[in-house]
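The values are calculated or read from the model by the stated rules, or taken from the named source; none is laboratory data. Just so it is clear, the model here is predicted, and its values are computed rather than measured. Note that each Cβ is placed from the backbone with ideal geometry, even for glycine, and that neighbours are counted across all protein chains shown. Quick note on the areas: whole protein, heavy atoms, side chains included, nothing else; ligands and nucleic acids left out. Shrake-Rupley method; radii C 1.70, N 1.55, O 1.52, S 1.80 Å.
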Amino acid sequence: GRIIAVGQTFVNGGGYQAAILRYNTDGTLDNTFSGDGFRVDDIGTGSDDGFFDVAVQPNGSIAVVGTALSTVGYDAAVARYLTDGTPDNSFSGDGFEILDIGGVENRGSGLALQADGRIVISGESGDTFGNSEFMVARFTSGGALDASFGTGGVVVSALTTGADWAYDVAMQPDGKIVASGIVATAAFLGDVGFARYNSDGSLDASFSGDGWTSVVNGAYSIARSVVVLPDGR
């Protein structure tokens, strides 16, 4: 019944850093978590880090995804914490994994857990001010990129020629992956966008003919979250 929240907090002299908190059922901070109910981590070399989604694994470990600023731009970041709030050193050696796919910025914003312990994240890759793509990546339970997914564990889908972003991701019972976000229609305009991937990271052509679809709105519209219903919708 306890509640876990993630985000970012401004630290004087350190900029924005990633934050994770746990509350008791009555709304007070849970002091059994990191000593005072919250933990703040500077996960990048820059001053703008944050967590944007969280999920609890069956064993109680806490998986989070976000973005870390490096000296050359933003990278997606995945972390896992133990139930007491300490980083899980069995995940990538120190509890943190930075996804640097080279040459472009990439940011993480959504996270889903597979039944086998693997972690799927979504976000964007590219220039967020004009040209970016849906980004989905999968990690093993040990924190390494899953080579059986996409190219070296990462899939970048250029759905349009503008700024696309997969803000959230969810798992279907059959192992397929659904991502939601925004697909560009024109400069500073976009529609709610959805894509569905097979378990190997390829776009699922049985979904809307080519693996993705959009909801036309004629403005700037974003799907920030997605849930798969029991009947598959």
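Looking at segment 79-168, the strands (runs of 3 or more DSSP E) lying wholly inside it that each contain 2 or more residues that are among the aromatic types (Phe, Trp, Tyr) sit at 131-139. If you go through segment 15-34 and keep only what is open to solvent by 60 Å² or more (accessible area, probe 1.4 Å) and either in contact (Cβ under 8 Å) with a residue 24 or more places away in the chain or not β-branched (Val, Ile, Thr) (or both), you end up with TYR16, TYR23, THR25, ASP26, LEU29, ASN31, THR32. Condition test on GLY50, is it closer than 19 Å to ALA77 by Cα, surrounded by 12 or more Cβ atoms within 10 Å (Cβ to Cβ) and out of contact with any strand residue (DSSP E or B) (no Cβ under 7 Å at 6 or more places or on another chain)? Answer is no for this residue. Scan segment 185-233 for residues that are more than 16 Å from GLY175 (Cα to Cα) and surrounded by 11 or more Cβ atoms within 10 Å (Cβ to Cβ) and the total you get is 21.
Against the numbered list (1) assigned to a strand (DSSP E or B); (2) of a type in the set (A, V, I, L, M, F, W, C); (3) without any contact (Cβ under 8 Å) to a residue 24 or more places away in the chain, ALA205 comes up short only at (1). When every residue of segment 81-100 is checked against the conditions, at least one turns out to be open to solvent by less than 40 Å² (accessible area, probe 1.4 Å) and among the aromatic types (Phe, Trp, Tyr).
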